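In what follows, a structure is listed as structure tokens, so that the remarks can point back to it.
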Amino acid sequence: MSLRTLSSRALRSGSRRLRVAADRIDAMTPPIVMAPPARTPAARTAQPAAAGNLPVSDVAPGSRQSSDFFDQYPRFYETSGTSPYRARLNLRYEAIFAEHRDVFAGARVLDIASHDGRWSLAALATGAREVIGIEARPDLVENSEANLAHYGYEPSSYRFIAGDVFEVLDKQPFDVDVVLCLGFLYHTLRYNELLGGIRRAAPRHVLIDTVCRRGTGAPFPCVNVHAERFQREGNAVADKYSFGERVLVGQPNVRAVRTMMDAYGFDFERRSDWAGLIRDNPYADHVDDYAKGLRVTLRFADRREG
Ligand SMILES: C[S@@+](CC[C@H](N)C(=O)[O-])C[C@H]1O[C@@H](n2cnc3c(N)ncnc32)[C@H](O)[C@@H]1O
């Protein structure tokens with residue numbers, strides 16, 4: 001008999017002692033995970049309503065079909081081991097760039113945790129004048145430089161800094177129009193240093209793409225804290241606060257992100273229309289986190305700019 005069955009029998013019996021024992025068993029037992037239903041277009045279309053977290057799209061059906069941006073730059077399917085899936089990269093392009101073209105025209109962009117240069121190139125391709133990437137893993141910086149050179153971008157239009165983003169933001173002055181903080185906010189707990197650094201770079205806009213897996217629906221700002229291993233390519237790197245092989249990080253929910261950005265003078269403008277993207281690209285795979293509203297793309301504007 002499994003621990004979980006024992007626990008539910010104890011609960012049904014009504015005895016207080018058994019209830020306490022049942023609570024202990026539940027704390028030890030991992031949750032039962034149901035196998036996901038078969039992935040059909042119909043199942044995917046129904047998902048946002050079931051998840052309840054994804055706002056309904058208000059744009060016309062069919063208008064959010066993927067432009068398959070990265071098919072022009074297929075090296076990015078190879079130069080990273082961190083979610084380099086075709087459909088995922090392409091829909092992320094739509095949510096982060098195509099939907100916010102206005103902020104990229106002629107912009108100077110700072111790409112935080114620039115990885116293999118995927119979003120730095122996307123910024124230039126969407127109209128940015130120049131981009132600076134900061135990435136802690138030197139092999140990814142090499143990939144970034146090779147990728148942008150391969151696709152013919154002028155060396156004067158991009159620069160990649162190999163280093164810890166907190167140290168770089170602290171030591172180097174930046175003056176940019178747009179900051180990209182994509183896939184990074186949940187790999188740190190050093191929010192004051194990060195947002196203080198972003199503030200000093202004086203952007204008009206900040207685009208944040210982040211996981212808000214746990215506590216998403218909480219009606220108050222919260223950050224779920226856990227420790228992640230720094231060996232993994234997509235994770236935090238070791239820093240002066242890490243211990244052993246792990247770094248303490250947090251997943252802020254959307255309210256927490258808004259609260260933190262507000263504290264640094266950035267107003268929330270809008271959340272990208274992932275519901276429309278999921279609806280109009282029903283065969284896209286590796287986007288379940290966005291489809292369930294557990295990952296979001298948020299746009300903020302400098303309050304001083306009105
Ligand atoms: C999940 S990946 C996100 C990559 C990309 N921005 C995206 O959204 O697809 C996180 C990236 O942050 C980088 N990173 C982690 N800690 C860092 C730090 N302290 N300074 C700079 N980069 C860091 C990792 O090496 C990795 O490339």
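Under the rule of at least 5 residues apart or a separate chain, name every residue whose amide H is placed under 5 Å from the amide H of Val179.
Leu110, His205, Val206, Leu207
Within 10 Å, count the other beta carbons around each residue, average over each peptide in 167-173, 255-261, and list them highest first.
Listed from highest to lowest mean packing, they are 255-261, 167-173.
What ranking do Lys292, Lys240 get, fewest neighbouring Cβ atoms within 10 angstrom at the top?
By the 10 Å Cβ count, ascending: Lys240, Lys292.
What residues have an amide H closer than 5 Å to that of Ile161, excluding those fewer than 5 places away on the same chain, when H is modeled at 1.01 Å from N in the peptide plane?
Amide H neighbours of Ile161: Gly133, Ile134, Glu135.
Provide the gained length on full extension for the span Ser156 to His226, in nm with one decimal, where the gain is 0.36 nm per separating residue minus the Cα-Cα distance.
Between Ser156 and His226, full extension yields an extra 21.2 nm.
Can you tell me the length gained on complete extension of the stretch Arg304 to Gln72, counting 0.36 nm per residue apart and subtracting the Cα distance?
Net length gain for the segment: 79.8 nm.
Please rank Tyr241, Tyr264, Tyr151, fewest neighbouring Cβ atoms within 10 Å first, as an exposure proxy.
Tyr241, Tyr151, Tyr264
Cut-off 15 Å, label point 7 angstrom out along Cα-to-Cβ of Val56: give me the residues of the stretch 255-296 whose amide nitrogen falls inside.
Hits in the stretch 255-296 for Val56 at 15 Å: 275-276, 279.
Tell me, in nm to one decimal, what length is gained between Arg271 and Arg213 on full extension, where the rule is 0.36 nm per residue of separation less the Cα-Cα distance?
Full extension of this stretch gives 19.3 nm more.
Arrange Ser66, Ser242, Ser156 by Cβ neighbour counts within 10 Å, fewest through most, would you?
Listed from fewest to most nearby Cβ atoms, that is Ser156, Ser242, Ser66.
Quick one: Karplus J couplings for the stretch 113-124, per residue in order, coefficients 6.51, -1.76, 1.60, θ = phi - 60°, nearest Hz, x for Gly and Pro?
Going residue by residue, I get 6, 6, 6, 9, x, 4, 8, 5, 5, 4, 5, 5 Hz, with x marking Gly and Pro.
FYI, it's all coordinate maths here, none of it is from the lab. Not measured: the values here are computed from a predicted model. For neighbour counting, all protein chains shown are included, and Cβ atoms are generated from backbone atoms with ideal geometry for every residue, glycine included.
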